[in-house]
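Engineer: Would you mind keeping the following structure in view while I ask a few things?
The values are calculated or read from the model by the stated rules, or taken from the named source; none is laboratory data. Just so it is clear, the model here is predicted, and its values are computed rather than measured. Note that each Cβ is placed from the backbone with ideal geometry, even for glycine, and that neighbours are counted across all protein chains shown. Surface areas here come from the heavy atoms of the whole protein model, side chains and all, with no ligands, DNA or RNA. Shrake-Rupley method; radii C 1.70, N 1.55, O 1.52, S 1.80 Å.
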Amino acid sequence: QVQLVESGGGLVQPGGSLRLSCAASGFIVSLYPMAWYRQAPGEQREFIAGLTSGGATNYPPSVKGQFTISRDNAKNTVYLQMNSLKPEDTAVYYCNVLRDGSSYWGQGTQVTVSS
C-alpha cells in the first residue's frame, strides 16, 4: 500500500528557509519519479519540483534556484529544500509519486510565509 506523509511545514518569515520531508512506504522512492506540488488558496495545484529514478531534477522557472528536491534512499524519504521564501510561496505542499500508471498523493503540509 503506497503511502506518502509530508512534514516540515509551518510559519516562516520572508527570506527564511524550510525543508519539507515526504516519508514514503509501500514502495522504494529511488525506483520511481517523485515530485512536489503546491496549491495556494483559490489556485490550481502546480508542479514545483521533480526527481527521476536516475537522479535528474527539474523545476519550473518560478522556483528554479530557490527550491531543491533530493532523496535519502536509506530513509526512503524525499525532501524539498526551500530558500529565500516569499509570501507568494504560501500554499499547501504535496508530495507525489507515479507508480505503475497511478498517481499517489500525500495529505499535504501547510507553508505560510508571513512577517
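Engineer: For GLN13, project a label point 7 Å along Cα to C-beta. Then give me every residue of segment 67-102 with its amide nitrogen under 19 Å of that point.
Structural biologist: Under cut-off, by backbone N: 82-90.
Engineer: Can you sort GLU43, GLU6 by solvent-accessible area, 1.4 Å probe, largest first?
Structural biologist: The most accessible residue leads, giving GLU43, GLU6.
Engineer: When the solvent-accessible surface of protein heavy atoms is calculated with a 1.4 angstrom probe, in what order do ASP72, ASP89, ASP100 fall, highest first?
Structural biologist: If we order ASP72, ASP89, ASP100 from most to least accessible, we get ASP100, ASP72, ASP89.
Engineer: Compute the accessible area per residue over segment 60-105, keeping the other protein chains in place, probe 1.4 Å, unit Å².
Structural biologist: The answer is 51 Å² per residue.
Engineer: At GLN81 and ALA56, where each label point lies 7 Å from the Cα along Cα→Cβ, what is the point-to-point distance in nanometres?
Structural biologist: 2.2 nm
Engineer: Of the options VAL113, VAL5, ALA56, report the single residue whose Cα projects farthest towards the positive end of the charge dipole of the chain (beta-carbon charges: Lys, Arg +1; Asp, Glu -1).
Structural biologist: ALA56
Engineer: When DSSP beta bridges are limited to those with both residues in the chain, what percentage is antiparallel, rounded to the nearest 5?
Structural biologist: Here the share of antiparallel DSSP bridges comes out near 90 percent.
Engineer: Could I get the Rg over Rh figure for segment 6-115? Both from C-alpha atoms, Rh via Kirkwood, rounded to two places.
Structural biologist: 0.95
Engineer: Of the accessible area of segment 21-115, with the probe set at 1.4 angstrom, what percent is carbon plus sulfur?
Structural biologist: Looking at segment 21-115 in its full context, I get 49 percent from C and S.
Engineer: Using heavy-atom solvent-accessible surface (probe 1.4 Å) with all chains present, what is the largest-first order of ARG71, ARG45, ARG19?
Structural biologist: Output order, biggest surface exposure first: ARG19, ARG45, ARG71.
Engineer: Might you report the magnitude of the Cβ-based charge dipole of the chain about its Cα centre, with Lys and Arg at +1 and Asp and Glu at -1, to the nearest 20 debye?
Structural biologist: 160 debye
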